[in-house]
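Chemist: Structure incoming, see below.
The values are calculated or read from the model by the stated rules, or taken from the named source; none is laboratory data. Computed from a predicted structure; not experimentally measured. Every residue, glycine as well, gets a Cβ built from its backbone with ideal geometry; the counts of neighbours run over all protein chains shown. Each accessible area value is taken on the protein alone, full model and side chains, heavy atoms only, with ligands, DNA and RNA left out. Shrake-Rupley method; radii C 1.70, N 1.55, O 1.52, S 1.80 Å.
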Amino acid sequence: MSLLLARPTACCAGPLRFAAARGTGDRTAAIIVAVLARLRPWAVAVGLALLAGCSTLPRNAPPTALLNETSIPGLPDVRAPAGRQSAAFMADLRRSFEQESAADFPLREDGIVRYPQLALSGGGANGAFGAGFLNGWTQTGRRPVFKIVTGVSTGALIAPFAFVGPDYDDSLREFYTTTASRQIFRVLSFIPQLLTGESFAETGPLMNLLEQHVDAALLRRVAQAHAAGRRLYIGTANLDAQRFVVWNMGLIASSGRPEALALFRQVMLASASIPVAFPPVMFDVVAGGRHYDEMHVDGGVGANVFYSGGVFAFGEAREGVGRGIGRERVFVIHNGQLLPTPEVTTRSVRSIAMRSFESAMKAALVGDLFRIYSIAVREQARFFWISIPEGVELTGDEVFDPVRMRALYDVGFDIAKAGRPWRAAPPGLSAVANGQGEAPSSPDDAY
């Protein structure tokens, strides 16, 4: 999540001012700093002095030996740790090719079935760009039905709506153009949180929003799409196991269990819970016949954007099933900017921390793009990505500013509707030299 924090005109007085969203990490830092900036300086100083004596909240954590053996009660196959292939995810994806509709994924005259996939990155309020882009894409009449949709952080909030299709475009627009900071988080008292808490703000308001927008009707739509051979995955970070975790949201939605809707929302909340700023989300898990709580935070801790997370191999899963030859087209929407933004770093803890964090997160995002690109090359798939144009400068009075988010939404909408070409290779890599061909000169080349 990314916004650069500008120096307030007066300490802890009046609205905070924020400057342009660039990478994925600077908005995360900005939210943390914004929460701290609302607190009186003396409170921060006293709190830091007392930090050595702080205590922790009680919890029922799994034993270390069982951290990699936990599962969701009654739903053991709905998630998998990234980095290794999951037999359950592979079996479920293989089944999807038997379920899929020829209307959604037709066999072309050349004997190829195209499978559009969509990966949505983190970026906090920058998600307004992705929401606008999807709406603009719909307006072109060329937005495809996606075989797979993945999301992390703000991308996890967009993903279910993007997955079910254009019927929920208005919900996306409303969420990303009318939501203010007070509807996302509530700042808590600093000293008690520093001494015995787990975050400097609480996300009850965000959960209220999820309860309004992610309802039983949406869950049914996700379940119907899952039954039609499409797959929705969301990523969270398991702090206990230090693992990025991929959740099969369609499997949750179609489980028929009474807790399915609550778990669905819980995963979305966890994926968007920035550590330190927001509280972690605790999942009830079982291991060795006992129940424990498992701590998850923002999926961006593990990856700012992902496609498979290594839990499945698309081509391998399709072998021997399906019609014709399958070819993927992986579309990545990056809710941020990547180019270096030279500016003088002042000699202050805040300035040094912000610039370092932003630089590290930009580098991590580039790594994520290369990871997805390498998978595309291995699978003989096409790779396309787009991000917020460099030079887009937004200022706002808060992290989630509806006026500025509307402006960013409009940027995404206009780019998609104008049919601007996607980039066909990660930053610094020639698409031609790596078998991807020239970057598409028209939208039809990509679609």
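Chemist: Take the Cα atoms of segment 86-154, build their convex hull, and give its volume per residue in Å³.
Modeler: 112
Chemist: At a 1.4 Å probe radius, which order do Arg59, Arg318 fall into by accessible area, largest first?
Modeler: The ranking, largest first, comes out as Arg59, Arg318.
Chemist: Measuring from centroid to centroid over Cα atoms, what is the spacing of segment 76-117 and segment 183-204 in Å?
Modeler: The two parts, judged by their Cα centres, are 41 Å apart.
Chemist: Express in % the proportion of alpha carbon pairs of segment 281-340 at distances exceeding 16 Å.
Modeler: Percent of Cα pairs beyond 16 Å in segment 281-340: 70.
Chemist: Using Cα pairs closer than 8 Å and at least 6 residues apart in sequence, work out the relative contact order for segment 52-203, in percent.
Modeler: Relative CO of segment 52-203 lands at 23 percent.
Chemist: Based on the alpha carbon coordinates of segment 204-251, what radius of gyration and maximum Cα-Cα distance (Dmax) apply, in Å?
Modeler: Rg and Dmax of segment 204-251, Cα atoms, are 13.4, 35 Å.
Chemist: Please list 266-279, 283-296 highest first by mean number of surrounding beta-carbon atoms within 10 Å per residue.
Modeler: Result, highest mean Cβ count within 10 Å first: 266-279, 283-296.
Chemist: Could you please report the charge total around Phe283, scoring K, R as +1 and D, E as -1 over all other residues with beta-carbon less than 11 angstrom from its beta-carbon?
Modeler: With Lys, Arg at +1 and Asp, Glu at -1, the neighbours total -3.
Chemist: Antiparallel as a % of all DSSP beta bridges within segment 158-296, to the nearest 5?
Modeler: 90
Chemist: Highest mean first, what order results for 189-199, 127-137 on Cβ atoms within 10 Å?
Modeler: By packing density, highest mean first, the sequence is 127-137, 189-199.
Chemist: Still on this structure: Which of rounded, prolate, oblate describes segment 199-281, given a ≥ b ≥ c as roots of the alpha-carbon gyration tensor eigenvalues and a/c under 1.5 marking rounded, otherwise prolate only if a/b is larger than b/c?
Modeler: Judged from the Cα gyration tensor, segment 199-281 comes out oblate (a/c at least 1.5, b/c at or above a/b).
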